[in-house]
Every structure is written in structure tokens, then in C-alpha cells.
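A.B. asks: Take a look at the following structure, please.
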Amino acid sequence: MHARTQRRRRAGGFTLIEIILVLVIIATLAGLVISQVGMLGRSADMSATAKNQQDIANQIGMYFVLQKRMPTRLDSLLHDVAGTPTVLPLATRAGATTGVNSENQGWGLPLGGANGTNVHAQLVASDLAALTTPAGNFARSFTRAGFVHLVDHAAWSAGGNCNDSGLATTPRALGNGAGGCWVARVVTTTNGDAVPATGGAIVRQIYPHLDGALPDGVVALVAVGVGPSSSLIPDTMLSAPIYPGCDGSYYGRYIAYFAVFASGERAQLVGVSDSYGRFPNYSIQQFNESLPNNARQG
């Protein structure tokens with residue numbers, strides 16, 4: 001009877017060696033799974049950002065259909081310093097001992113890497129009502145689309161979240177006269193600007209065959225951020241999305257681009273990028289190239 005009980009006890013349990021072997025197998029399998037999940041992290045970011053860009057374009061179009069105008073209170077991407085509008089400046093992260101770079105940036109439009117796009121270098125604060133090269137009433141084209149107000153970025157403070165732009169400031173009124181129509185304009189050769197030769201210039205991504213120029217009839221490209229103050233919320237979207245990789249140390253909202261016409265006809269949406277100035281084609285390409293073993297779809 002005693003021997004039978006001992007056999008039952010041995011049959012119902014695991015030895016220490018068996019437990020160790022099981023743990024080793026589980027750890028090995030977990031390591032394989034975690035490594036594959038890590039490889040899919042960038043794929044997920046690129047997939048999400050491409051979808052967000054397309055969704056924002058669709059939602060702006062839907063808003064126009066419903067309201068017969070473009071959304072107001074979009075982010076101007078400008079920062080008012082003593083009454084002078086400037087493009088969002090770059091600030092060093094609190095506590096950093098060196099200058100502003102992509103590793104220690106704490107505020108402003110993001111700095112791209114060696115092969116990235118530096119949006120800050122491709123925007124200029126411009127008064128459409130005073131722009132005379134080429135000649136034309138650009139402000140009328142932009143405001144005719146329904147843009148009554150844009151929202152400037154709130155003043156920077158150490159530790160501030162760059163994505164909360166506009167929540168604590170007064171919207172900037174747009175006009176055609178003395179009040180001005182200040183916006184963030186994309187640099188183009190049509191406007192006499194120096195367009196970056198490398199890094200994926202914004203104007204070349206929107207109009208890839210014109211080498212930095214604008215099509216006939218288009219006299220300016222205006223960039224606006226789709227931030228939390230936009231009238232898109234809650235009419236056609238519940239919240240303003242942020243680039244998945246953004247940690248709040250730089251502006252991570254998506255940017256919509258509008259073509260302004262010399263004829264005065266209302267401005268038209270021509271593209272949506274992430275805050276690095278990367279458009280859906282790039283995001284989809286990066287998604288494909290970031291799959292395990294550099295696999296591609298299609």
C-alpha cells in the first residue's frame with residue numbers, strides 16, 4: 001500500500017529538472033516572439049500614420065461637404081513673439097547641456113534625422129495679404145475657403161507638451177486688409193525661396209515633377225496643423241491624432257497643405273503629411289520595408 005502511494009505522488013508532480021527545462025523552453029519561445037514583435041513596431045507606426053493621413057484628408061473633405069467651408073481654428077504653426085509671427089521655434093529639452101538636435105529637442109516642429117525632412121526649415125511666416133511675388137490677392141483665395149481663424153501655438157514653458165497648441169491662446173483672425181493674413185507658407189521657387197535640395201522637400205513631394213515650383217495658377221502653399229482646437233472636432237472626428245512615435249517633446253500633429261490661387265478661387269487641400277513632412281507614399285514604403293526580413297507586399 002505504501003509503495004503504491006509513493007508511485008502516485010511521483011506520477012502527479014514534476015521534478016526540479018523538468019521544471020527547469022520547461023522554463024528554458026518558455027523563455028526561448030518568448031524571446032523569439034518578443035523579437036518579432038519588436039520588428040513589427042515600426043510597421044505598426046507607419047501603417048497607423050498612413051491611415052491617419054488618409055483619414056484626415058477624408059474628414060476635411062467631409063467637413064467641407066457638411067459645412068460648405070473648410071474647418072477653422074486649425075493650428076497656424078506660428079508662434080507670436082512680441083507681435084511678430086514666426087514659425088514654431090526649436091527649443092532644447094529641459095536639462096540638456098547641448099544645443100537643439102533630434103536627440104534633445106524639447107519643443108517645436110520636429111528635427112528630422114540625417115535622411116529626414118526638417119519641416120521647420122521649409123516653412124516661413126508670411127502675410128498672404130502683403131505677398132506680392134507673384135502679384136495677386138492670395139489672402140482672398142485662402143479666406144474664401146472658410147478659414148476665419150487659425151490658432152497660434154501657446155508660449156513655450158519648460159516641460160510643456162508641444163501637442164497642446166492653441167488650447168490657452170486666442171485664435172489669430174485672418175483678413176485681407178491691414179490686419180494681415182499671417183500663415184506658415186511652404187518655401188517654393190515660385191515665391192523666390194531656396195528649396196532644400198535633399199531630405200524630401202515638401203513642395204517636391206506635393207508636385208514631384210516641377211522641381212520646387214508651383215503649377216500655373218497656384219501662388220502659395222499654406223501649411224496648417226490639425227490640432228485639438230480644430231472645428232473638425234467633434235463634427236467629423238473625435239480627436240486630433242498624433243504621430244504614433246511622438247513623446248510630446250515636439251509637435252506631433254498632422255499637417256494639411258492648401259494651394260492658394262492667383263485667381264482668388266478658394267484654396268484647395270493638396271496633401272497631408274506627418275509632422276516630419278512625410279506623406280502617405282513614404283509611410284507606405286516604410287511600412288513595406290520594415291516588415292520582417294525586409295519582406296514586401298505586392
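A.B. asks: Taking 0.36 nm per residue of sequence separation and subtracting the Cα-Cα distance, how much length would be gained by fully extending the chain between A130 and A173, in nm to one decimal?
C.D. replies: 13.9 nm
A.B. asks: Ok, one more. Tell me the label-point distance for the pair L23, A94, using the 7 Å Cα-to-Cβ offset, in nm and rounded to one decimal.
C.D. replies: Between L23 and A94, the label points sit 4.3 nm apart.
A.B. asks: Give me the number: length gained by fully extending L16 to A197, i.e. 0.36 nm times residue separation minus the C-alpha to C-alpha distance, one decimal in nm.
C.D. replies: Result: 58.6 nm gained on full extension.
A.B. asks: Return the distance in nm (one decimal) between the two label points of a simple spin-label model at T86 and A213, each offset 7 Å from Cα along Cα→Cβ.
C.D. replies: 3.4 nm
Readers should treat all values here as calculations from the given coordinates under stated rules, not as data from a laboratory. What you see is a predicted model; the values in this text were computed from it and never measured. When we count neighbours, we look across all protein chains shown, and the Cβ atoms used for this are built from the backbone with ideal geometry, even at glycine.
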